[in-house]
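Here is the structure we will look at, set down as structure tokens.
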Amino acid sequence: MKRNLLLALGFVSVVITLYLIFVWVPTITEMGIVERIFYLMVPMGWLALLAFVVTFAGSVLFLVKKQDRWDFLARSSAEIGIVFTTVTLFIGAIWAKPIWGVWWTWEARLTATMILWFIYLSYFVVRSFATDEHRGAVFAAVVAIVGLVDVPIIALSTTLWRGMHPPALVFKGDIAPEMLLVMLTSVGTFTILYVFLLMLRVSVRRDEAEVQRLKELDR
Amino acid sequence: MTFWNKVIAITWKDWLSEMRTREVVSSVLVFTLLVILIFTLAFGADRELMTTVAPGILWATFAFAGVLSFSRSFVPEKEHGCLEGLMAAPISREVIYAGKGLSSLLFMLIVEAIALPAFAFFSNVPVLSPQIILVTFVTTVGFVAVGTLFSALSANTRAREMVLPVLFLPIVIPILISAIKVSELALTGEPWSNLFTWFQIIGAFDLVFLAVSYLVFDFVIVE
Amino acid sequence: MENGGYLFAAFAVVWAGVFAYALFLSNKQGKLRQEISLLKAKLEEKGTE
């Protein structure tokens with residue numbers, strides 16, 4: 001029930017966000033119409049991180065409390081996280097082409113997102129190559145913890161690495177208030193979507209466990 | 001026995017078995033020298049180009065050498081059933097981490113102590129500067145901190161040879177970037193003060209990952 | 001409207017990604033629910049025997 005309510009709320013806010021992005025907000029910078037991609041990129045990057053933080057929290061709780069539901073949470077969030085990180089990389093390429101003229105560039109945030117994607121990947125690799133499911137869950141939790149601790153160091157090193165040549169389009173000085181408003185609305189909308197997907201994923205995982213349990217009873 | 005006495009005992013055990021089998025150092029060293037040979041052969045004709053690409057080559061080589069050497073850190077223990085013995089011994093898991101880490105560090109440093117002059121020799125790039133030697137040391141500590149943890153973890157999975165690099169390489173990218181940057185700056189003759197930020201990043205990474213691995217090691221070493 | 005294609009592509013990628021994933025999940029859930037009721041029915045039969 002709660003989930004349907006959330007879906008309705010999400011739908012309304014998606015409509016509002018799209019209206020704000022395409023009708024209400026004027027084109028502000030010299031980038032032209034592509035600047036509107038920005039209203040997608042920021043929330044996507046935010047979700048890639050948020051999903052990883054949730055995975056981290058779930059993993060710590062799982063290791064400490066040893067209850068499977070924390071692993072469900074961590075794993076579900078990681079799965080949504082890798083979907084959003086993949087999408088972010090695609091948008092990054094689509095953004096880079098008109099602005100820099102190439103599909104891929106080692107811009108600091110793109111590089112950091114790429115590394116994050118590989119850490120997410122290793123989270124699932126460990127799980128699928130573990131000798132049994134519980135052990136895989138423990139190992140994946142360790143990977144999530146080590147990975148999250150690495151994120152600030154990755155951010156720092158990639159920023160400094162590329163920092164000598166600031167990309168021409170970063171907003172100089174402060175951001176226009178209209179842009180900020182649209183950006184925040186978009187972040188809010190996508191966060192609602194994330195929570196919805198997370199609830200859906202966790203309940204799918206619960207059903208999977210239920211099937212497993214019933215099968216064992218059947219035997 | 002105190003904590004460090006037990007740690008030294010494990011490292012000493014690894015050292016003795018290494019002296020007898022020469023499994024890790026010799027194989028990793030041969031691999032490293034071959035990679036250096038191939039890279040310097042590929043780019044070496046052009047001296048200016050060589051100076052530009054040398055930091056990248058050096059660190060790509062050391063990263064792969066690290067993967068190879070960490071893949072030999074826990075697997076033999078596991079294969080010969082020694083891990084059970086280690087775990088049954090009256091020592092905490094953290095001692096095992098520190099002991100295995102210390103021996104890995106020792107082996108890596110031996111390989112690098114030979115590979116670095118060899119690289120300087122074949123590439124004609126002066127990589128034997130104090131800056132590069134120091135950055136090699138601190139970066140290797142970071143490699144070992146992460147590598148020992150993931151070595152123990154991947155020893156308990158199927159397809160270990162595949163799992164270890166997939167885990168290890170993304171995590172160490174920040175210190176890899178920093179080490180390449182320090183080497184680049186050192187080769188262009190920048191003073192120590194300009195390298196300081198990068199050393200700070202590597203140092204922070206080392207401390208953070210020694211601490212984190214120490215805390216979570218208990219979960220990856222299972223029987 | 002130069003570069004409008006890129007803008008369109010970016011929005012298409014995001015929405016296609018999110019919808020495909022949501023669809024995949026609800027499909028999976030539908031199948032799992034079916035399996036659960038099937039298994040429950042089977043178990044009940046066993047119980048009454």
So A:Ala137, is it more than 21 Å from A:Ile33 (Cα to Cα), part of a helix (DSSP H, G or I) and at pLDDT 90 or above: yes
Return yes when A:Leu160 is within 14 Å of chain B (Cβ to nearest Cβ), among the aliphatic types (A, V, I, L, M) and without any contact (Cβ under 8 Å) to a residue 60 or more places away in the chain and no when it is not. yes
Of these, B:Ser92, B:Ser73, B:Ser103, B:Ser129, which one is within 29 Å of B:Leu207 (Cα to Cα), hydroxyl-bearing (Ser, Thr, Tyr) and free of Cβ contacts under 8 Å to residues at least 40 places away in the same chain? B:Ser92
Residues B:Ile114, B:Ile175: which one is closer than 25 Å to B:Thr52 by Cβ, within 11 Å of another protein chain (Cβ to nearest Cβ), within 15 Å of the chain's Cα centre (by Cα) and assigned to a helix (DSSP H, G or I)? B:Ile175
I'd like to check which helices (runs of 4 or more DSSP H) are fully inside the stretch B:1-97 and have at least 1 residues that are over 28 Å from B:Ser129 (Cβ atoms) and polar (S, T, N, Q). B:3-21, B:24-43, B:47-71
Hey, B:Ser183 hits all of (1) surrounded by fewer than 22 Cβ atoms within 10 Å (Cβ to Cβ); (2) of a type in the set (Gly, Ala, Ser); (3) more than 9 Å from every other protein chain (Cβ to nearest Cβ) but one; which does it fall short on? (1)
May I ask you to list pairs of residues, at least six apart or on different chains, whose Cβ atoms are under 7 Å apart, with the first in the stretch C:1-22 being on the phi > 0 side of the Ramachandran plot and the second being assigned to a helix (DSSP H, G or I) and crowded, with 20+ Cβ neighbours inside 10 Å? C:Asn3/A:Val34
Only one of A:Val142, A:Val146, A:Val138, A:Val126 that is buried (at least 21 other Cβ atoms within 10 Å of the Cβ), facing another protein chain (nearest Cβ under 7 Å) and without any contact (Cβ under 8 Å) to a residue 12 or more places away in the chain: A:Val146
Return only the number of the condition from (1) among the hydroxyl-bearing types (Ser, Thr, Tyr); (2) closer than 17 Å to A:Val53 by Cα; (3) modelled with pLDDT under 85 that A:Tyr120 does not satisfy. (3)
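Residues are listed down the side, and each one gets a yes or a no for (1) surrounded by fewer than 20 Cβ atoms within 10 Å (Cβ to Cβ); (2) closer than 24 Å to C:Ala9 by Cβ:
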site	(1), (2)
A:Ala48	no, yes
A:Val60	yes, no
A:Phe72	no, no
A:Pro98	yes, yes
Take the residues in the stretch B:186-223 that are of a type in the set (Phe, Trp, Tyr) and exposed (fewer than 13 other Cβ atoms within 10 Å of the Cβ); name whichever of them is farthest from the other protein chains (Cβ to nearest Cβ). B:Trp192
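The values are calculated or read from the model by the stated rules, or taken from the named source; none is laboratory data. Note that the structure is a prediction, hence the values are computed from the model and not measured. All Cβ positions, glycine included, derive from the backbone under ideal geometry; neighbour counts span all protein chains shown.
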